[in-house]
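Read the figures in this text as sums done on the coordinates, not as results from a lab. Here the structure is a predicted model, which means the values were calculated and not measured. Cβ placement follows ideal geometry from the backbone for every residue including glycine, while neighbour counts extend to all protein chains displayed.
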Amino acid sequence: MGSRQPKQLLLAFFGEHVVDGATGPIRASVLITVLEGADVAAPATRATLDRLVHSGVLARSRSGRETLFSLTEHGVAVLREAKSRVRGPRPFDPQGSGWTLVTFSIPEGQRMLRHRLRSTLTWEGFAPIRDGLWLAPGEVDLAGSLEPLRQDLAPNTVIAFHARELAGFPIAESVRAAWDIEAIRRAHLAFIDVWDDPHAAAMAPSALTVRTMLVADWLALLRADPRLPAEFMDAQWPATRSVQTYRRMHERLAEASAAEFADLVAARPAARRRSGSADRPSAPSPTPSGATRPR
């Protein structure tokens, strides 16, 4: 897989360990420690935290000499909206039949809002098929996905339709122009190459860091796969293997990562708990071809 971005890792951390818990603000030192294990330097983590504060996802506070970060209401809404797919049983299946079409108009002066809207549409499986017109498979719950942006969107900014293909006007060519299906396949295979390896759990010293990396890679894969209908795939399409791989590794890391998180949040030294030599090998195996692991 490609290099993991600090933003994706931080969103994975907060989505996995914070959004549904009773945890208070997280110390910057905790976040820096977790991301350093994923080969992200402290300055890059701090810069990304600043950007997440600026975008309204995180709020910053201080306690003595410590800088703390917590999710804002907007950040909670964004992560909870994504959770249904992140943890869903069939995350690569279309949401019903037909197609959802969206068009929108946002003034040039609201570039941040435009970026947030486009990012949300991409997460929901949309791709632009021509100027101002976006297409997604199935019947997308656009009201739910746009809820975190609702207060910032003026009336009639977004117009959406649910449509079906008409005889004589095949949609296949537009679908193949909008999405690189072979690139989606490669994204699945890269995920499987990294995380189906029996030594993947030891690619970083901390189970908490490894699980954060796993969820970050899963978020990237979910974003890459728009959930196209089965007729655009072949019998060897690897999505089912990706789901099995993710669930198996996620469960394998659960106990140790939860214990490490509790230690860090409680300001006690991480206990480096291990789930056993079989689960946490002493050294990682070589990186599979076409995949990337932290150095």
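Here are a few things to note about the model shown:
- Here the peptides 253-260, 70-77 are ranked by packing, the mean other Cβ count within 10 Å, and the order with the highest first is 253-260, 70-77.
- Relative contact order for the chain, counting Cα pairs under 8 Å that sit 6 or more residues apart, in percent: 25 percent
- Rounded if a/c under 1.5, otherwise prolate or oblate - the stretch 60-127, Cα gyration tensor axes: oblate
- Test item: Cα-centred dipole of the stretch 29-102, Lys/Arg +1 and Asp/Glu -1 on Cβ, debye: 140 debye
- Charge dipole magnitude, Cβ of K and R +1, D and E -1 - the chain, Cα centre, debye nearest 20: 880 debye
- Length-normalised contact order for the stretch 6-75 - Cα pairs under 8 Å, 6+ apart - percent: 34 percent
- Local electrostatic count at Ser84 - Lys and Arg +1, Asp and Glu -1, tallied over other residues with Cβ under 12 Å: +2
- For the stretch 173-221 versus the stretch 124-171, the spacing of their alpha-carbon centroids is 26 Å.
- Sequence-distant contacts, meaning Cα pairs under 8 Å at least 6 residues apart, place the relative contact order of the stretch 180-265 at 47 percent.
- Ranked Glu124, Glu36, Glu147, criterion: other C-beta atoms within 10 Å, fewest first: Glu147, Glu36, Glu124
- Compared with the dominant Cα axis of the chain, that is its longest principal axis, helix 111-123 is turned about 90°.
- Only one residue of Leu135, Thr122, Pro107 has its Cα farthest out toward the positive end of the dipole of the stretch 98-163, where Lys and Arg carry +1 and Asp and Glu -1 on Cβ, and that residue is Pro107.
- Within the stretch 114-232, the percentage of alpha carbon pairs spaced more than 18 angstrom apart rounds to 61%.
- Gyration tensor verdict on the chain (Cα atoms; rounded if a/c is under 1.5, prolate if a/b is larger than b/c, oblate otherwise): oblate
- Entry note, the chain: the mean residue ellipticity at 222 nm calculated from DSSP H runs of n ≥ 4, each adding -39500 (n - 2.57), is -14000 deg cm²/dmol after division by the residues and rounding to the nearest 500.
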